[in-house]
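Colleague: I'd like to ask you about the structure that follows.
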Amino acid sequence: MTDFESIERLRRIGWRGDTLPTNGRRLARVVAQHRAGYELHDGENLFGAQPAGHFLKRNLDPVERPAVGDFVEIEEGKPPHIVTVLPRRTLLSRAAAGERYERQSIAANIDYVLVLTGLDGDFNPARIERYLSLTEGSGAQPVVLLSKLDTRDDAAEMIEALRSRLPAGTPVHPINGKDPASVAVLMPYLQPGDSAVLVGSSGAGKSTLTNTLLGSERMATNAVREHDSRGRHTTTHRALLELPSGGCLIDTPGMRELKLTGDENLDLFADIEELAETCRFADCGHGSEPGCAVQAALDSGELSHERWRNYLKLRDEREEQAATLEARLRRQRGGRPPARPHSPRGSRDRD
Ligand SMILES: Nc1nc2c(ncn2[C@@H]2O[C@H](COP(=O)(O)OP(=O)(O)OP(=O)(O)O)[C@@H](O)[C@H]2O)c(=O)[nH]1
Ligand SMILES: [Mg+2]
Ligand SMILES: [Zn+2]
């Protein structure tokens with residue numbers, strides 16, 4: 001097969017490069033990861049593969065392991081092995097829950113992060129802001145999706161309140177995830193070569209939307225609990241799917257905890273940070289100091305107490321995580337200098 005044919009084939013599964021690595025190895029994209037190994041697609045065939053031994057080293061930063069959405073080089077064999085993860089153009093990751101600081105990949109080489117929230121009991125603007133903050137560190141574009149539009153009459157108010165809280169220009173699409181006509185608004189994000197990942201709580205409707213976009217019931221779905229709209233963790237692993245529109249969509253399991261990695265900028269709250277700079281005292285604690293611009297905005301209602309509280313929470317979390325991340329990188333540099341995992345934010349890159 002010529003390089004041209006290989007590139008054309010890979011483009012169907014989201015390859016963006018104009019050239020191929022020159023070592024002659026076959027390239028494929030990670031479409032799923034199971035306990036027993038990886039599922040890969042080379043644009044033509046789906047096949048299983050194992051990670052090469054160096055990916056299994058215990059002290060390896062988990063984000064350096066192959067993740068769904070990655071393009072990888074294969075060493076042929078029975079079974080084939082993944083030997084290299086190609087440089088990522090974007091990476092959505094989160095910090096793992098628990099004591100030890102560890103970043104985990106959610107999806108690699110995605111253009112859009114579709115943040116899906118139900119307009120039922122799932123609706124929670126502070127959680128949407130958390131997802132959007134995490135997306136900032138990824139290099140991908142955020143898109144806010146509100147599902148279950150068909151289930152309530154008072155959705156307009158909720159949507160308006162959310163829109164006014166997010167930076168102007170953040171796309172917000174209310175949808176009925178079961179209705180093909182309604183989800184057609186997502187076509188601009190799912191064109192040939194585009195890759196998008198769906199994230200949101202269990203029960204938000206990620207797999208329902210995926211099925212509607214696919215035009216078939218490929219992913220299992222389950223009703224949410226009546227009293228609190230919680231899902232049942234139906235989807236158990238991430239899966240990259242080719243859509244009829246030509247785009248690639250990654251469905252994910254609902255995530256219980258979503259910690260910032262420390263690599264975020266919190267651009268989402270740039271207006272609050274600007275406001276705080278206009279306080280009379282440079283070291284204003286925004287409590288009862290005279291001339292506090294934040295207190296004035298909170299008193300006038302221009303800034304909502306809830307958004308302010310969420311900003312403080314995310315800011316503190318980011319600072320704490322950034323310090324841990326920095327310490328970890330410093331420790332790693334003490335030994336053999338590792339390749340710093342992809343960071344699309346040059347300004348925050350601490351190397
Ligand atoms: N009426 C209505 N129901 C929806 C919509 N989207 C999802 N649902 C329902 O919500 C329930 C949960 O949907 P799923 O697609 O399984 O949710 P999920 O986000 O994939 O959940 P996990 O796989 O557990 O993370 C199902 O009963 C769906 O039929 C929608 O837009 N309108
Ligand atoms: Mg699901
Ligand atoms: Zn102040």
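Colleague: List every residue pair whose Cβ atoms lie under 9 Å apart, where the two residues are 6 or more positions apart in sequence or sit on different chains, the first residue falls within the stretch 295-314 and is assigned by TED's automatic domain parsing to the domain that holds residue 284, and the second residue, located anywhere, is of a type in the set (S, T, N, Q).
Modeller: 295/288; 298/304; 314/133
Colleague: Considering only the stretch 251-351, give the helices (runs of 4 or more DSSP H) lying wholly within it that have at least 2 residues that are surrounded by 16 or more Cβ atoms within 10 Å (Cβ to Cβ) and at pLDDT below 90. If you could, list the steps in order and put the result at the bottom.
Modeller: Values: elements: 270-276, 293-300, 305-334.
Answer list for the stretch 251-351: 305-334.
Colleague: Specify which of the listed residues (72, 115, 68) is aliphatic (A, V, I, L, M) and in the same structural domain as residue 132 (by TED's automatic domain parsing).
Modeller: Working: 72 fails: in the same structural domain as residue 132 (by TED's automatic domain parsing); 68 fails: in the same structural domain as residue 132 (by TED's automatic domain parsing).
Going through 72, 115, 68 in turn, just one is aliphatic (A, V, I, L, M) and in the same structural domain as residue 132 (by TED's automatic domain parsing): 115.
Colleague: Select, from 141, 104, the only residue that is in contact with a helix residue (DSSP H, G or I) (Cβ under 9 Å, 6 or more places away or on another chain), farther than 22 Å from residue 177 by Cα and more than 16 Å from ligand 2 (Cβ to nearest atom). Reasoning before the result, please.
Modeller: On the way: 141 fails: farther than 22 Å from residue 177 by Cα.
Every option except 104 fails the conditions.
Colleague: Failed condition for residue 110, given (1) more than 17 Å from residue 189 (Cβ to Cβ); (2) surrounded by 23 or more Cβ atoms within 10 Å (Cβ to Cβ), with all others met?
Modeller: (1) is the only condition that residue 110 fails.
Colleague: Among the residues of the stretch 5-59, write down those that are assigned to a helix (DSSP H, G or I) and either polar (S, T, N, Q) or closer than 14 Å to residue 84 by Cβ (or both).
Modeller: Residues of the stretch 5-59 assigned to a helix (DSSP H, G or I): 5-11, 53-56.
Passing the criteria: 6, 53, 54, 55.
Colleague: Residues in the stretch 8-27: is at least one exposed (fewer than 15 other Cβ atoms within 10 Å of the Cβ), among the basic types (Lys, Arg), under 26 Å from residue 96 (Cβ atoms) and not assigned by TED's automatic domain parsing to the domain that holds residue 328? Let's see the steps before the verdict.
Modeller: First, the residues of the stretch 8-27 that are exposed (fewer than 15 other Cβ atoms within 10 Å of the Cβ): 8, 16-19, 21-24.
Right, trim to among the basic types (Lys, Arg) and you get 16.
Within this subset, residues satisfying the condition of being under 26 Å from residue 96 (Cβ atoms) are none.
No, the stretch 8-27 has no match at all.
The values are calculated or read from the model by the stated rules, or taken from the named source; none is laboratory data. As the structure is a prediction and not an experimental result, all values here were calculated from the model. Counting neighbours? That spans all protein chains shown, and the Cβs are built from the backbone with ideal geometry, glycine included.
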